[in-house]
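Before any comments, here is the structure.
Since every read-out is calculated from the coordinates, none of them should be taken as a lab result. Keep in mind that what you see is a predicted model, and the values were worked out from it rather than measured. Every residue, glycine among them, receives a Cβ derived from its backbone with ideal geometry; neighbour counts consider all protein chains shown.
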Ligand SMILES: [Zn+2]
């Protein structure tokens, strides 16, 4: 399956939905001129999919060939996350939610509800500022604070970390290791963060990546997306689920994914 996977992802050179932030990152690196930034940034593993999926399948989120991991970023959000919980409950599907500490701090009860429903909470960061713009100490602090909050709120120690915008800086990788958090990005996304995203566009974008061992990225919050964009992900979920079932694939959280 490795060759198939590589072929399928050869054209995957798309960047995360935050080109502006990527530009800001480049500008900051160019402007800072300080060696420390360069050391911190390189060799950053970014969201560029082709090389990452091929060379670092575990980091990309490739797992068991009979399983698809379902992950959501940027919540928990009282406006939108409950709708995802309701639908996932109806489908009898559990997922992994990469939460922001600042969001969980505002909605701890929702975080507890998610875990009680069988979902996993994982670390996305305290806020959504790219970690490549932080120093190593700040990166570590933000990951630690988010990890600790998840543990305090839910009683469960998180296992996974995913940096904002998928930019896994060296500082992020070191901090995650020290905090016993395994970095996991994704193999496919639905571009569900844009203003013109619909369930159909999400499904069409995701479909080529809906493969055995995939880790799917969707958003249960529009915290960093276009207002209301989460509805496109929510609307696409039943069909994503149906296609997995039709293909004989189980769909679930990262803890059941058998990451490579
Ligand atoms: Zn995010």
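Okay, here's what the table says:
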{"read-out": "Residue exposure sequence - 87, 254 - by fewest surrounding Cβ within 10 Å", "value": "87, 254"}
{"read-out": "Sorted by Cβ density within 10 Å, fewest first, the residues 123, 93, 115", "value": "115, 93, 123"}
{"read-out": "Relative contact order computed over segment 135-260 (Cα-Cα under 8 Å; 6+ residues apart), in percent", "value": "19 percent"}
{"read-out": "Ranked list, fewest to most other Cβ atoms within 10 Å of each Cβ, for 191, 250", "value": "250, 191"}
{"read-out": "Ratio Rg/Rh [Cα only; Rh per Kirkwood] for segment 118-181", "value": "0.95"}
{"read-out": "Rg [Å, one decimal], Dmax [Å, integer] - segment 114-260, C-alpha atoms", "value": "15.9, 46"}
{"read-out": "Residues of segment 206-229 with amide N under 14 Å of a point placed 7 Å along Cα→Cβ from residue 239", "value": "206-210"}
{"read-out": "Length-normalised contact order for segment 66-176 - Cα pairs under 8 Å, 6+ apart - percent", "value": "26 percent"}
{"read-out": "Taking segment 185-234 and dividing mean pair separation by its residue count, relative contact order in percent (alpha carbons under 8 Å, at least six apart)", "value": "49 percent"}
{"read-out": "Computed FRET value (nearest 0.05) for residue 250 with residue 201, which takes r as the C-beta separation and R₀ as 25 Å", "value": "0.45"}
{"read-out": "Pair-distance profile P(r), taking every C-alpha pair of segment 56-100, with 5 angstrom steps and integer %", "value": "5, 18, 24, 23, 15, 11, 4, 0"}
